[in-house]
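See below for the structure under consideration.
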Amino acid sequence: MAKKATTIYSCTKCGAQFPKWIGRCSGCGAWGTITEEISGTDDRKIKPVKVDKNLLVDFKNSQITDFARLETKINEFDRVLGGGIVVGSLILLGGAPGIGKSTLVLQICHNLKTPTLYVSGEESASQIKMRIDRLNLDFSNLKFLGENNIEKIASFIIEEKPGLVIIDSIQTLYSQELPSEAGSINQVRICTVKLLEIAKRYNISIIIIGHVTKDGLVAGPKSLEHLVDAVLYLESTATDNFRLLRSAKNRFGSTSEIGIFNMTGTGLAEVINPSELFLPQNQEPNSGSVITCVMEGSRPFLLETQALVTKTLFGYPQRRASGFDSNRLQMLIAVLVKRVQIPLLNQDIHLNVTGGLKIDETGADLAVCAAIISSFKDKIIQADTILLGEVGLGGEIRPVYQIEKRIEEAQKLKFKNIICPVIKTEKKGLIMVKNLEEAIKKLF
Ligand code: TYD
Ligand code: MG
């Protein structure tokens, strides 16, 4: 039997429901979050409406082709997206102000050659022109629109029907349907929803630029991640001029790829051989410094891990890691103490991965252990040595995925001593070790 519509009160933060209005939600403790809602009639029976059966897709008979993609020929960008911009997709490109987002999208527009509409709410046509001149680019496919009103922008896009639209930046747009200021969460969200609708309905690819602030994400890209098809972040590395392009979400590809660029006087240049980039350049080797190889997506990267081990002066020993999981560091220290009797219990240990990269896999375990021992004993590990392998709790060295690829990269860069787990391989000149003890014997 159908019931009457009732009024309920629910918390906008935790969703708890109440029969009466209260000032503080007893569910989550937030103040002033209870709003009134009409809970509709309580009739849960489904009443069938007329539908068109042709809308059902049968995978057995239908011919669904792969997504059409716009290839920018900027390899580092295309690879991160999984092979280029999918036609009709909405992409969010986030990053700190001044990192190079506008520069990157201009270079993309230039390479694509499809008709592009560049909408900027923060820069004028002459500012964009200045950047174009600085980049030494020549455009015949680019139109500029200086506008912040999303309703007007939408009309322009529908009128022009370009292949690609750039929104620079989403924080400067506003919709006249909302009273709040441009840049507020609600404005940013409604503008994105409108752009999403245009992208899907007219099959136009749209790149939205969003500023990410240092101390978190003010009115930011984070609140949009669920709306868009792909989220890319452009970040700087510790070595200042390099930029990493990471993908945080991708409906059309993997999120494990990263792109590397170098910010030059004439825009962002692709870094083709990143392994050399993160290796120490022509400097005397120090104790505590070890080279390893990690996989970032499908690419092997050589990088340097550094450890500094010093006697603890008072209190508990400190264990700090930058670019490496500190729980894993604690575990490796415990293994070193227990399995190979390295007395680290009264030592402070600092671990650093150079170049601002983060290691989130186990393939660098052996290198980290070797770096700690090297610093503790103050003995240098030769610069032509590289260590690969996961360390188990028993001190055993285990294989890691894609090890052949890593070894290949190391050999390509002329490393002579490749210390790795015991594996079946045709590769020559490897030093295979079963456990930490054997590795230490080979190293020192
Ligand atoms: P920009 O693309 O404007 O950054 P964003 O849109 O992310 O705010 O780039 C800003 C910085 O890049 C600026 O400090 C100058 C530098 N830059 C170069 O080094 N080379 C170049 O060719 C260009 C266009 C900019
Ligand atoms: Mg900009």
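The values are calculated or read from the model by the stated rules, or taken from the named source; none is laboratory data. Since the structure is predicted, the reported quantities are computational estimates derived from the model, not experimental observations. Virtual Cβ from ideal backbone geometry, glycine too; neighbours counted across all protein chains shown. When the accessible area is computed, the model is the full protein with side chains, heavy atoms only, and any ligands, DNA or RNA have been set aside. Shrake-Rupley method; radii C 1.70, N 1.55, O 1.52, S 1.80 Å.
When you check Ile85 against the structure, is it buried (at least 20 other Cβ atoms within 10 Å of the Cβ), at pLDDT 90 or above and within 16 Å of ligand 2 (Cβ to nearest atom), yes or no?
So Ile85 does not fit the description; no.
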Please tell me if Asn111 is within 29 Å of the chain's Cα centre (by Cα), within 24 Å of Val188 (Cβ to Cβ) and open to solvent by 30 Å² or more (accessible area, probe 1.4 Å).
no
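Looking only at the range 138-159, which residues are part of a helix (DSSP H, G or I) and either open to solvent by 60 Å² or more (accessible area, probe 1.4 Å) or not small (Gly, Ala, Ser) (or both)?
Of everything in the range 138-159, those that are part of a helix (DSSP H, G or I) and either open to solvent by 60 Å² or more (accessible area, probe 1.4 Å) or not small (Gly, Ala, Ser) (or both) turn out to be Ile150, Glu151, Lys152, Ile153, Ser155, Phe156, Ile157, Ile158, Glu159.
Mind checking which residues of the range 105-124 are charged (D, E, K, R) and more than 19 Å from Lys161 (Cα to Cα)?
Hits for the range 105-124 are Glu122, Glu123.
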Out of (1) more than 16 Å from ligand 2 (Cβ to nearest atom); (2) closer than 25 Å to Phe252 by Cβ, the odd one out for Ile91 is which?
(1)
Would you pick out the residues in the range 185-204 that are under 25 Å from the mean Cα position of the chain (by Cα) and aliphatic (A, V, I, L, M)?
Ile185, Val188, Ile190, Val193, Leu195, Leu196, Ala199, Ile204
Quick check: anything in the range 251-261 open to solvent by 50 Å² or more (accessible area, probe 1.4 Å), of a type in the set (Lys, Arg) and in contact (Cβ under 8 Å) with a residue 60 or more places away in the chain?
yes
Matching residues, the range 324-351, being surrounded by fewer than 19 Cβ atoms within 10 Å (Cβ to Cβ) and either touching a residue at least 60 places away in the same chain (Cβ under 8 Å) or in contact with a Gly (Cβ under 7 Å, 6 or more places away or on another chain) (or both)
Met331, Arg339, Val340
Going by the structure shown, is Glu147 assigned by TED's automatic domain parsing to the domain that holds Ser102, in contact (Cβ under 8 Å) with a residue 40 or more places away in the chain and either touching a helix residue (DSSP H, G or I) at 6+ places or on another chain (Cβ under 8 Å) or of a type in the set (Val, Ile, Thr) (or both)?
no
Can you name the residue in the range 86-137 that is assigned to a helix (DSSP H, G or I) and among the basic types (Lys, Arg) and is also farthest from ligand 1 (Cβ to nearest atom) among such residues?
Lys129
Quick one: is Asp215 within 23 Å of the chain's Cα centre (by Cα), crowded, with 19+ Cβ neighbours inside 10 Å, modelled with pLDDT under 95 and acidic (Asp, Glu)?
no
Residue selected from the range 137-170 under the condition within 24 Å of Gln187 (Cβ to Cβ) and among the aromatic types (Phe, Trp, Tyr), by the criterion farthest from ligand 2 (Cβ to nearest atom)
Phe156
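Being without any contact (Cβ under 8 Å) to a residue 12 or more places away in the chain, part of a loop (DSSP other than H, G, I, E, B) and either away from ligand 2 (no atom under 16 Å from the Cβ) or under 37 Å from the mean Cα position of the chain (by Cα) (or both): is that true of Ile22 here?
no
How many residues does the range 160-195 contain that are among the hydroxyl-bearing types (Ser, Thr, Tyr) and in a helix (DSSP H, G or I)?
2
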Residue check for Ile208: within 16 Å of ligand 2 (Cβ to nearest atom) and on the phi < 0 side of the Ramachandran plot
yes
In this structure, is Glu284 within 30 Å of Phe77 (Cβ to Cβ) and surrounded by fewer than 22 Cβ atoms within 10 Å (Cβ to Cβ)?
no
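From Glu123, Glu76, which residue is buried (at least 16 other Cβ atoms within 10 Å of the Cβ) and within 13 Å of ligand 2 (Cβ to nearest atom)?
Criteria check complete, one pass: Glu123.
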For the range 178-209, how many residues meet the condition of being of a type outside the set (A, V, I, L, M) and modelled with pLDDT of 90 or more?
9
In the list Ile128, Ile167, Ile190, Ile209, which residue meets the criterion of being within 23 Å of Pro97 (Cα to Cα), touching an Asp or Glu at 6+ places or on another chain (Cβ under 6 Å) and open to solvent by less than 70 Å² (accessible area, probe 1.4 Å)?
Ile209
